[in-house]
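Peer 1: Please read through the structure below; I'll follow up with questions.
Nothing in this text is a laboratory measurement; each read-out follows from the coordinates by a stated rule. What you see is a predicted model; the values in this text were computed from it and never measured. All Cβ positions, glycine included, derive from the backbone under ideal geometry; neighbour counts span all protein chains shown.
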Amino acid sequence: MSALKHELTDPEGQGPKHLMTLDGDPLPTFRLSPEERGANILSLRDWQMKENDVILCTPPKCVLTSYLNSRKAYLYNFCMKLPDWMLNVHLARVNYAFIMFDHTGTHWVQEIMTMLLKGKPEMVETVDKGGTMMEASSIDRMNELPSPRILNSHLKWQLLPKYISENKNKVVVVLRNPKDVAVSFYYHMKGMNNYDYDGKFEYFLEWFLEGKLPYGCFFESVKEYELLANEQKDQFHTLFYEDLKTNGLQEVKRLAQFLRTNDADDFCQAVYDACDIKNLKAKVAQPKEGRPNIWKPGGSIYRKGIIGDWKSHLTVAQNELFDRVIADKMKDSKIQFRYI
């Protein structure tokens, strides 16, 4: 399996830095050489994980992980492929899986799920993702983490461990309209020091629609999920970002019922209110002693948290192109995205 340097450069000479491909799949190098990072990832092959490990597979903008106090859980977000051998890694028995796509509200819904499972509308302490992200860390570093460990990575569903399907773990999938996803992804990459990127949105959008950006193709991942959800309806719960924004109490209640937690109106409303975007921004704004600043000035995990921000970014021509790509990529899908 080959690890090679990967470059994206727009017509003005701008492009995100520190990228590589592993067997053709793009991902960040996290400031190591492609060979070193590739070796670290491949070394996971024979790693003996602990029975109470919690695995969080999220999109690239996620740096927030949560300890689900009373239950074991796997929180998944699939965006990129990992080597085939990962399919056969033995994972501990768990209760939940959380699948999300690029920039669809990962941190927001994760906070909601954490509160539902803990039974308290209170935020937990933010955990640094650096040491727990499998492709960004090392086995030695992860072995030093105290249990229960929350380890994270980026996976497509067909490359996730087979154990999830065999064990029928509950799966929560959050979807968001791809136009807002593209805008969110753009500001994420511009805001992070690691990418050292300051290109124009027009070129970034082309990369997004062509599936050239880190962590894979949004449309293919959505269709992959849709097929699985249709075949295993009792195992999957679908949550749309736009529905959660406009009908929060009902969506939190539906999620609570799926997770078999407290679904009382007052509790679910308290959870939803506690996870307001202002509270989330205040949480991540708190200084983290001893942690490097991964964001440029003004950058953050959370930006606006609204529906329809794409309207202030896409030109008429870009929007029409986006619509054509969606029509082509999603022609066999029954998923209907909301854009306003």
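Peer 1: Would you mind ranking Cys217, Cys275 so that the residue whose beta carbon has the fewest other beta carbons within 10 Å leads the list?
Peer 2: In order of increasing Cβ crowding within 10 Å: Cys217, Cys275.
Peer 1: Restricting attention to the alpha-carbon atoms of the stretch 180-273, what are Rg (one decimal) and Dmax (integer), both in Å?
Peer 2: Radius of gyration, then largest Cα-Cα span, for the stretch 180-273: 17.7, 47 Å.
Peer 1: Over all distinct Cα pairs, what is the inverse of the mean 1/r for the stretch 167-215, reported as the Kirkwood hydrodynamic radius in Å?
Peer 2: It is 12.4 Å.
Peer 1: Search the structure for amide H atoms under 5 Å from the amide H of Phe236, placed 1.01 Å from N in the peptide plane, and list their residues when 5 or more places away or on another chain.
Peer 2: The list, which skips near neighbours in sequence, is Val171.
Peer 1: Multiplying the sequence separation of Asn230 and Glu166 by 0.36 nm and subtracting their Cα-Cα distance, what value in nm do you get?
Peer 2: 21.4 nm
Peer 1: Could you run the Karplus curve 6.51 cos²θ - 1.76 cosθ + 1.60 with θ = phi - 60° over the stretch 6-21 and give me ³J(HN,Hα) per residue in whole Hz, x for Gly and Pro?
Peer 2: Each residue's phi maps through the Karplus curve to give 10, 10, 10, 9, 7, x, 9, x, 9, x, x, 9, 6, 10, 8, 10 Hz.
Peer 1: Then there's this: Could you name the aspartates and glutamates whose alpha carbon sits less than 18 Å from that of Lys311, not counting residues in the same chain fewer than 8 places away?
Peer 2: Within the straight-line cut-off, Lys311 pairs with Asp180, Glu202, Glu206, Glu242, Glu320, Asp323.
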